[in-house]
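Comments concern the structure below.
The values are calculated or read from the model by the stated rules, or taken from the named source; none is laboratory data. Everything quoted here is computed from the prediction, not taken from an experiment. Glycine also receives a Cβ, built like all others from the backbone with ideal geometry; neighbour counts cover every protein chain displayed. Remember, those area values only see protein heavy atoms, side chains included, never the ligands or the DNA or RNA. Shrake-Rupley method; radii C 1.70, N 1.55, O 1.52, S 1.80 Å.
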Amino acid sequence: MKYLIETKRLFLREISWADYDAIAEIIQNDETMYAYNGGLSDEETKEWLEKLFVRYKRDKHGLLAVVLKENGKVIGQAGLSTRYLDDKKIIELGYLFNKDYWKQGYAIEAVQALKEYGFNYFGFDEIYSLIRDTNIPSMNVAIRNGMVIRKRYLKQRPYGVVNYYAFSVKRTE
């Protein structure tokens, strides 16, 4: 497969159906998906991937497989996605990693590379991370990536209204 981004320890590339098991291990895990109020079902995982493939075609970007260089294992997904915040179209940098690979700096490494990719390849002027207010580890990744809180807002989820922070970094910062 073609790698889009390379870092010291990682490759980032588009996700394919061949990655289903690795992605399912991440997004079907309640601990990994606590910010989403729990893991997804098999059907929801398939829908997650189908929506991602539509984004690749429509937007030319989306979540990418995060692959360890040392062994080719998919350990996460991270990427740039088009979202809306207060009816404003924004670019969100999102990330989800297999819990076995937390606290090893992989998220920060991938996010820093994606930020530069977004600014330099796509020419985005500002990149956001929309993070649930209880997701301290993701907030720390955003902060270490130079992002600051621009707004606090409420988001309706299937399980209720949830507090979120909109972090962002601008190309000029």
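Starting from segment 21-38, keep only residues that are closer than 14 Å to GLY94 by Cα and modelled with pLDDT of 95 or more, then list their pairs with residues that are open to solvent by less than 10 Å² (accessible area, probe 1.4 Å) and part of a helix (DSSP H, G or I) whose Cβ atoms are within a distance under 7 Å, requiring at least 6 positions of separation or different chains. Close Cβ pairs satisfying both conditions: ILE27/THR45. Residues in segment 128-173 that are under 21 Å from TYR101 (Cα atoms) and among the basic types (Lys, Arg): ARG132, ARG144. Evaluated against (1) modelled with pLDDT under 95; (2) touching a strand residue (DSSP E or B) at 6+ places or on another chain (Cβ under 8 Å), ASN135 falls short on exactly one condition, (2). Within segment 55-64, the set of residues being without any contact (Cβ under 8 Å) to a residue 60 or more places away in the chain and surrounded by 15 or more Cβ atoms within 10 Å (Cβ to Cβ) comprises ARG55, TYR56, GLY62, LEU63.
Among all residues of segment 103-116, there is none that is touching an Asp or Glu at 6+ places or on another chain (Cβ under 6 Å) and over 16 Å from PHE11 (Cβ atoms).
Go through the residues of segment 107-119 one by one and say whether even a single one is exposed (fewer than 15 other Cβ atoms within 10 Å of the Cβ) and either touching a residue at least 24 places away in the same chain (Cβ under 8 Å) or hydrophobic (A, V, I, L, M, F, W, C) (or both). Within segment 107-119, not a single residue is exposed (fewer than 15 other Cβ atoms within 10 Å of the Cβ) and either touching a residue at least 24 places away in the same chain (Cβ under 8 Å) or hydrophobic (A, V, I, L, M, F, W, C) (or both).
Within segment 92-106, the set of residues being open to solvent by 20 Å² or more (accessible area, probe 1.4 Å) and within 21 Å of LEU154 (Cα to Cα) comprises GLU92, TYR95. You will find that of LEU40, LEU49, LEU4, the residue that is assigned to a loop (DSSP other than H, G, I, E, B) and in contact with a helix residue (DSSP H, G or I) (Cβ under 8 Å, 6 or more places away or on another chain) is LEU40 and no other. I'd like to know if segment 72-85 contains one or more residues that are modelled with pLDDT of 95 or more, over 22 Å from GLN156 (Cα atoms) and open to solvent by 30 Å² or more (accessible area, probe 1.4 Å). Yes, segment 72-85 contains a residue that is modelled with pLDDT of 95 or more, over 22 Å from GLN156 (Cα atoms) and open to solvent by 30 Å² or more (accessible area, probe 1.4 Å). Here LEU49 passes the criteria (1) over 14 Å from the mean Cα position of the chain (by Cα); (2) in contact (Cβ under 8 Å) with a residue 12 or more places away in the chain except the one numbered (1).
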